[in-house]
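Worksheet: one structure, shown below.
The values are calculated or read from the model by the stated rules, or taken from the named source; none is laboratory data. What you see is a predicted model, and the numbers here were worked out from it, not measured in a lab. Please note: Cβ atoms are built from the backbone with ideal geometry, for glycine as well, and neighbour counts cover all protein chains shown.
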Amino acid sequence: MAAPMPTAARAYAKINLGLYIGPVRGDGFHELRTVYQTIDVFDVIRVSASSGAGIEIRCQHPQVPRDESNTCWRVAERVMRTLKQRRRVSIQIEKNLPVQGGLGAGSSDAAATMLALERELGLPLAAEDKLSIAAEVGSDVPLFLVGGTVLGTGHGEQVAPLPDVPPLALVIAMPNVGVSTPKAFADWDALRKSERAALTPGSAASRMDAFSQTLYVWLAGSLSGVPVKDRDRGETLLLDLVRAGIENDFERVVFPQCPELREVKCVLEREGAKYASLSGSGSALYGIFESPEMAERAAPALKARGIEAKTARTLSRTEYWRQMFE
């Protein structure tokens with residue numbers, strides 16, 4: 001008899017529509033405010049469970065760990081323990097998203113592993129167990145249990161669904177540069193310390209409050225049910241965002257260390273992006289364009305510079321869940 005087919009799930013990427021870094025909390029994490037948005041580029045996770053014990057990770061990408069440091073391994077171990085199951089779990093990761101790219105690939109792979117393993121075992125986890133496991137494994141993992149447009153607070157692990165943004169055409173640029181998130185946070189702390197020493201105004205708390213107020217105005221005005229095409233002068237959702245001043249704080253410390261990433265942002269803007277930004281701490285960047293045709297014309301400008309780039313679009317919550325197991 002042929003071996004049964006593994007359960008396959010798409011692990012979709014995310015971008016950050018604004019990311020503000022607050023003070024260090026008592027648990028050592030930074031307080032964050034961000035809007036996550038899932039997009040239609042993805043890794044593929046294939047999970048099988050057979051007789052025996054242990055967890056096996058298979059992946060051809062040289063930077064993906066195959067031991068207990070892998071987020072998929074860590075999720076699978078916790079799922080099996082929570083469900084009180086003893087099986088041999090095999091996880092195959094088909095990598096299309098960059099490692100250390102700021103697109104949430106490792107976290108999305110972990111969430112997809114959890115959901116695929118549930119299906120493979122035929123044993124659903126309680127919702128609270130899913131969220132608990134996700135938050136324990138990584139700050140970005142819980143967002144992938146929601147999908148679509150998601151508010152992230154706490155250190156990013158506290159998530160709440162927002163009304164989905166209208167469909168947006170994207171170019172995702174993936175430079176061959178690795179950015180360490182812990183180092184980016186350390187650089188941010190050093191920057192804020194130097195600014196305080198220089199009496200630069202604006203405490204971390206006041207900046208977080210300003211972001212929250214901006215977000216409230218954006219949601220109240222831009223997500224009021226008025227189609228983007230019907231707005232005065234054809235304004236897009238992201239123009240509202242830019243005018244309100246939402247930005248990614250990591251750019252202030254990552255760009256000085258990696259000036260080539262700043263240049264990628266400039267290329268996206270020169271090619272017509274209405275808004276361009278790092279995603280997370282990078283190194284991936286995205287540009288938002290008025291139409292898929294404009295995005296298709298912009299991507300070659302990055303490829304001509306030797307930078308991997310692909311067109312994409314935002315995924316609504318309904319699309320995210322409908323397409324995950326296709």
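Restricting attention to the stretch 160-181, which residues are modelled with pLDDT under 90, under 20 Å from Phe29 (Cα atoms) and not polar (S, T, N, Q)?
Residue satisfying the conditions is Val179 alone.
The rows are residues; the columns are (1) modelled with pLDDT of 95 or more; (2) within 13 Å of the chain's Cα centre (by Cα); (3) on the phi > 0 side of the Ramachandran plot.
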{"residue": "Pro23", "(1), (2), (3)": "no, no, no"}
{"residue": "Gly28", "(1), (2), (3)": "no, no, yes"}
{"residue": "Asp40", "(1), (2), (3)": "yes, yes, no"}
{"residue": "Val47", "(1), (2), (3)": "yes, no, no"}
{"residue": "Arg58", "(1), (2), (3)": "yes, no, no"}
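Among the listed residues Glu195, Glu157, identify the single one that is buried (at least 19 other Cβ atoms within 10 Å of the Cβ) and either at pLDDT below 90 or over 25 Å from Ile288 (Cα atoms) (or both).
Glu157
Tally up the residues in the stretch 1-48 that are farther than 21 Å from Gly152 by Cα, among the small types (Gly, Ala, Ser) and surrounded by fewer than 24 Cβ atoms within 10 Å (Cβ to Cβ), please.
4
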